[in-house]
1. So how much accessible area does Tyr395 have, in Å² to the nearest 10, using a 1.4 Å probe?
2. Full-extension gain between Thr476 and Ala152, please, as 0.36 nm times their residue separation minus the C-alpha to C-alpha distance.
3. Using alpha carbons only, what's the Rg to Rh ratio of region 18-140 with Rh from Kirkwood?
4. Hey, quick one: spin label on Glu191, modelled 7 Å out along Cα-Cβ, who in region 391-429 has an amide N within reach, i.e. under 13 Å?
5. Beyond 17 Å, what share of the Cα-Cα pairs of region 40-85 remains, rounded to the nearest whole percent?
6. Viscosity 0.890 mPa s, temperature 25 °C: give me the Stokes-Einstein translational D for region 224-296 in µm²/s, with Rh taken as the Kirkwood radius over C-alpha pairs.
7. Expected output is a single nm value to one decimal: the length gained when fully extending between Asn113 and Glu86, i.e. 0.36 nm times separation in residues minus the C-alpha distance. What is it?
8. I'd like the accessible area for Trp308, computed on protein heavy atoms only with a 1.4 Å probe and all protein chains in place. Round to 10 Å², please.
Amino acid sequence: MKKFLTLTLLLLTTCSGFLLSQVRFSTDFDSGSIGNFKLIDSVWVKRNASDSILTLSYLIESRFDPLNPVDTTLKPSARWYHFRMEGVKDKQIFLNIKNSEVIRPIYSYDGINYQRFKDVENIYKGSVNKIFERDTVYISHFIPYPYSRHKAKLLEWKEKPGVKHDTIGHSTLGLPIEMLTVTDPLVPDNEKKRIWIHGRSHPSETPASWHLEAMIDQILSDSPFAKELRRNAIFYLIPFINPDGVKGGFSRSSSTGVNIEINWDRPDSLTMPEVKTLKAALGRVTKEKPLDLLLNMHSQISSSVTYWIHTAESTTADFLKEQQLLSALTINYTPFYRPQDQSFSAMAPRYAEGWVWDRFGEKTLAITFETPYTYYNQDKDGPWVSTTNLAELGYSSLLSVSDFLNLDKANRILIDANEIKFSHRNWDVSDNPSNIFFGDSYLIAKKEGAQIKYKTHLKEGVYTLYLWKVGPTEKTYPDDTNKWVKKATVIQRRDGNFSYKIKSSNSGEKMDAILLVKESIPK
Ligand SMILES: [Zn+2]
């Protein structure tokens, strides 16, 4: 009997030791990343008289990027974590993760379907705990957007009509940096607006890639809106400017440790191949004509959406007004962005935007857009960021780009000052950029009841008519300004002239554009 007991004990000890060692960590896959990790506690906990559970607690350090060799005073970042654990089924696993945020991060049992840890699994700051149901689990800061997904989407996109695919250069490790040029080839290019969008200089910022992917899917779709975008614009799309960084699971740098986002003002010898590639492509694309818009897609830790709007002091008052018009339009089209979330900073030559500003000034609106990892509007009780709502946000972003550059001339008809009939006796014309308006000018009523008439040629359809309420070019502004206000439903029975009259309700009232959004064909 004694002998049997000893053997059982020995077996149990060996067995538990075996189980402990059975949890294996790995990162040998696309965008995998982990720093140091160690088991800090393990204990069998009795859940009831006949059932115990093994509880394992790990201390995990997110991996720091290499020291930036171009400027060794910069502190390396560590945000991205994305690792696989095997042997976790039916164990209670505590993961304390250092050097990064742990705010309802992500897990996946198959590397395809991802979900957030629940609130109750993320009670303690910096840690998650869960009894996993499957033996293998992937843990990450946000839903990964690895290099392989980028390549798969490129294959799909470049087969679409009107898409030109180019390898514009190579990363330090030799991966291609790829650009899609998208436009309707049947419309002459010289009449089109020119829009450049690049993304993912910072590898950890995967929400930015989900947002940009949705935008590209929509630009390439068969919708009437997308067809108008392609008819009236050329899109230069570079979704992955830092493939080495993404594939290698870095946080903010390329494989070399250089943060390529701030590598634009260095001498050639210290400029990374990725940035050289972008500069050369920008040079080719702008040889004839500057871009109208450059969007630089990022994600931020703050739980809100934002543009990084360049101050008037570092640019011009007119440029600030243009940036805030784009920003205000985006606020109009999404519930996930508010005036108080707008961010402001000085234009600086170390960024792509500064490089473009130095060459083209006000002609090109170059700006960074940020999506959060967590939730929107600083509201943790509201929707948490998902690939679904990032896609919705992508559509809102495109609507704002479209109306900002007046691209959708069939379904979203914008009538601005040059198409307004008015009397100079009753209206002053202003170009004061302390207000947000479309184009070069807006009108100020000299008296109550002053009349203006909007005129255009309009195709048959049912339209909703909106009036732009001009408001101040400030970070915060009255709720009823810098927005579209619905004024009427318009039924245009056949193609022909359309006019809309409106009277000022008081002296000093400002009038600007109207927007006719096509809803349907009249019955
Ligand atoms: Zn970034």
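The values are calculated or read from the model by the stated rules, or taken from the named source; none is laboratory data. Remember, predicted model here, so these are calculated numbers, not experimental data. Cβ coordinates were reconstructed from backbone atoms using ideal geometry, including for glycine residues, and neighbour counts include every protein chain displayed. What goes into the accessible areas is simple: the full protein's heavy atoms, side chains included, and nothing from ligands, DNA or RNA. Shrake-Rupley method; radii C 1.70, N 1.55, O 1.52, S 1.80 Å.
1. 100 Å²
2. Numbers: separation 324, 0.36 × 324 = 116.64 nm, distance 4.17 nm.
Full-extension gain reported as 112.5 nm.
3. On the way: Rg = 15.7 Å, Rh = 15.4 Å.
With Rh from the inverse mean 1/r over Cα pairs, Rg/Rh is 1.02.
4. In region 391-429, the label zone of Glu191 (backbone N under 13 Å from the point 7 Å along Cα→Cβ) covers 409-410.
5. Values: 621 of 1035 pairs.
Of the Cα pairs, 60 percent sit more than 17 Å apart.
6. Numbers: Rh = 14.3 Å.
Approximately 172 µm²/s, per Stokes-Einstein.
7. Values: separation 27, 0.36 × 27 = 9.72 nm, distance 1.70 nm.
Working it through step by step, the gained length comes to 8.0 nm.
8. 80 Å²
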